[in-house]
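Visitor: Once you've had a glance at the structure underneath, I'll fire off some questions.
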Amino acid sequence: MTSAHFWRTTNSGLGRRFLLPLLAATLAVSACAGAEDDPVSKAEQGVTTELPAKPASGTPVKIGFLSPEGGPLGQLPDARAAAEAATKYVNENLGGIAGRPIDLVVCKEKEDPASARDCANQLVAAGVVAVVAPATGQGDAVVPVIAGAGIPYVTTVGPSGAEMTTPNSFVLSGGVPAAFAGAAKYSAAQGYKRVAIVANDAGSVVASIKTLADPSFQGAGVAVDTIGVPVGTPDMTPQVSAALAQKPDAVFLVGESGLCTAVLRSLDTLGSKVDKLAVSTCLGQDVVEAAGTAAVEGAHVISSAEVVSDDPDTVLFRTVMAKYAPDTDLYGFAFSGYQPLLGLVRAVQNVQGEFTPAAVSEALRAARQVPVPLGSGLTFTCDGQQVFVLTSVCGRGAIVTTVRDGKPADPQVIQ
């Protein structure tokens, strides 16, 4: 399949139905990889720097933040903590957003359509000039409310059809499609001939993955098999054994932490030395502790952010988190709150006059080659031309890190 066919399929009604449950299964990891984890010590988190004192002044600019918290699926308190830390950095050390402080208005939704729409309506009523969201499975529920009110919606994950195609929605990275495309290109570069995807089988998740992954891997000249495993399966050895029977060069783990842990344990039980690819949800500290450092060693993690290098942007992230959210796990989903909040700030720093939703939207559409926070050189341009059909996607590329001693290392940008 061509890349054009891939994007048409992704944007179809079929693709839209599939993207939402895919993220819903992935988000389940956060209940385990969030606040209950023991945070990594500051010494282990890497180099930090000093922040200048440059406080903002004037009338605050209200920005909304949708936080998946409080429900049985989709617990992302670390993302909220990171967005709040980024806000404090902007207000105290960056001189504000175009010189003015941010008033971050947080609404916690339970990752169900009713609570998500309620939050969207609350933020609209609060008079925010933009809404920032981390990873969420409720894009199709909230974007029509927010964008329909003329308020820009900003994220860096954005897997739903509404997030990727609605005017006034801005995905400041390549999102979920870029993760599969990046995995495919990385596999081809490694010389893999075949990859087996092992994923949570909930609803239409497996079909969703095939819709996204098959064209990318086939286009890269890599055969791909997708094996679904029911959520909660304690022993995945039979499914992993079936995957290995296809003689893949690598196994790609896509799902929540329970799946990651069980697959890693099964690979160890079967004595497999096959290479491992994984989405970033598989790098939570609970997975490392449950499966063992040896089990995750060498795994290649696909993401839109990296938190371990000495790139100045990454050092800034660690510094901000150490100062304003020191107990937050940097290796989970914290990036998905920090990245879009600071990305929005970077895109609208030149707004002149009154901050209104229309002015913020105009500034976002005018954004050209703006550095993606934690993007290791990736940029975003919100002209609607970056990805065929998906007019709200502003970025391209993904980042691959390799697990060393239980932590991501050696980030590589895959364009």
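The values are calculated or read from the model by the stated rules, or taken from the named source; none is laboratory data. Everything numeric in this text was worked out from a predicted model, so none of it was measured. With ideal geometry, Cβ positions are generated from the backbone for all residues, glycine too; neighbour counts draw on all protein chains shown. Note: accessible area is taken over every heavy atom of the protein model, side chains too, but ligands, DNA and RNA are not part of it. Shrake-Rupley method; radii C 1.70, N 1.55, O 1.52, S 1.80 Å.
Visitor: Any idea how far apart ALA242 and ALA409 come out in nm if each label point goes 7 Å out from Cα toward Cβ?
Guide: A separation of 3.6 nm, rounded to one decimal place.
Visitor: Sticking with this one: Over the chain, give the accessible area per residue in Å² for a 1.4 Å probe, as an integer.
Guide: For the chain, the per-residue accessible area is 36 Å².
Visitor: Ordered by residue, what ³J(HN,Hα) values in Hz, to whole numbers, does the stretch 167-172 give under the Karplus form 6.51 cos²θ - 1.76 cosθ + 1.60, where θ = phi - 60° and Gly and Pro are x?
Guide: x, 6, 10, 9, 9, 7
Visitor: Using modelled backbone amide H atoms (1.01 Å from N, in-plane), which distant-in-sequence or interchain residues come within less than 5 Å of PHE65's amide H?
Guide: Here the answer is VAL105, VAL106, CYS107, VAL132, since their amide H atoms fall under 5 Å of that of PHE65.
Visitor: Only Cα pairs under 8 Å and at least 6 apart count here; give the relative contact order of the stretch 375-415 as a rounded whole percent.
Guide: Relative contact order, the stretch 375-415: 33 percent.
Visitor: Still on this structure, please answer the following. Take the alpha-carbon centre of the stretch 389-415, take the same for the stretch 112-176, and report the distance between them in whole Å.
Guide: What the calculation gives is 23 Å, centre to centre.
Visitor: Could you please state how large a percent of the accessible area of the chain is carbon and sulfur, counting protein chains only and using a 1.4 Å probe?
Guide: Result for the chain: 51 percent of the exposed heavy-atom area is carbon or sulfur.
Visitor: Further question: Report for the chain the percent antiparallel among DSSP-assigned beta bridges with both residues inside it, nearest 5.
Guide: The antiparallel proportion sits near 25 percent.
Visitor: Turning to a different aspect of this structure: Please give the FRET efficiency for ASP112 paired with ASP327, using the beta carbon to beta carbon distance and R0 = 35 Å, rounded to the nearest 0.05.
Guide: Rounded to the nearest 0.05, the efficiency is 0.80.
Visitor: Using only DSSP helix segments of four residues or longer, with each worth -39500 (n - 2.57), what per-residue ellipticity at 222 nm results for the chain after dividing by its residue count and rounding to 500?
Guide: Calculated from helices alone, the mean residue ellipticity at 222 nm is -12500 deg cm²/dmol.
Visitor: If packing is taken as the average number of other Cβ atoms within 10 Å across a peptide's residues, how do 401-408, 259-266, 188-195 rank, most packed first?
Guide: So the order, starting with the most tightly packed, is 259-266, 401-408, 188-195.
Visitor: Distance from a point 7 Å along Cα→Cβ of LEU270 to each backbone N in the stretch 176-197: keep the residues under 15 Å and list them by number.
Guide: Answer for the stretch 176-197: 194-197.
Visitor: Could you give each residue of the stretch 77-94 its phi-based ³J(HN,Hα) in whole Hz, using Karplus coefficients 6.51, -1.76, 1.60 with θ = phi - 60°, and x for Gly or Pro?
Guide: Using θ = phi - 60°, the values come out as x, 5, 5, 5, 4, 5, 5, 5, 5, 4, 5, 4, 4, 4, 6, 9, 10, 10 Hz.
Visitor: Next up: So what are the ³J(HN,Hα) numbers for the stretch 299-307, from phi and the Karplus equation (6.51, -1.76, 1.60; θ = phi - 60°), rounded to whole Hz, Gly and Pro as x?
Guide: Ordered by residue, 3J(HN,Hα) equals 5, 9, 9, 9, 7, 9, 8, 9, 10 Hz.
Visitor: For PHE380, what residues show an amide H to amide H distance below 5 Å, using hydrogens built from the backbone and excluding near sequence neighbours?
Guide: Long-range HN contacts for PHE380: GLN369, VAL370, VAL372.
Visitor: Quickly rank 319-328, 361-370 as a protection proxy: mean count of other C-beta atoms within 10 Å, highest first.
Guide: In descending order of packing, they fall as 319-328, 361-370.
Visitor: While we're on this one: For helix 335-347, report the angle its Cα long axis makes with the longest principal axis of the Cα atoms of the chain; keep it between 0 and 90° and round to the nearest 10°.
Guide: It works out to around 40 degrees.
Visitor: Another one. Note down the relative contact order for the chain as a percent, whole number, built from C-alpha pairs under 8 angstrom at least six residues apart.
Guide: 22 percent
Visitor: Kindly rank 178-184, 248-254 from highest to lowest mean number of other beta carbons found within 10 Å of each residue.
Guide: Those peptides, ordered most packed to least, come out 178-184, 248-254.
Visitor: Moving on. Can you give the angle from 0 to 90° between the axis of helix 312-324 and the longest principal axis of the chain, with both taken from C-alpha atoms, to the nearest 10?
Guide: The angle comes out at about 70 degrees.
Visitor: Out of residues 5 or more away from LYS276 or on other chains, whose amide H comes under 5 Å of its own, with H placed 1.01 Å from N in the peptide plane?
Guide: VAL251, HIS300
Visitor: On to the next question. Just to confirm the number: angle between the C-alpha axis of helix 205-219 and the first principal axis of the chain, 0 to 90 degrees, nearest 10?
Guide: That works out to roughly 80 degrees.
Visitor: Tell me, what is the FRET efficiency for VAL389 and ARG194 to the nearest 0.05, using R0 = 30 angstrom and their Cβ-Cβ distance as r?
Guide: After rounding, the FRET efficiency stands at 0.55.
Visitor: Once you keep just the Cα pairs under 8 angstrom separated by 6 or more residues, what percentage relative contact order results for the stretch 266-415?
Guide: 26 percent
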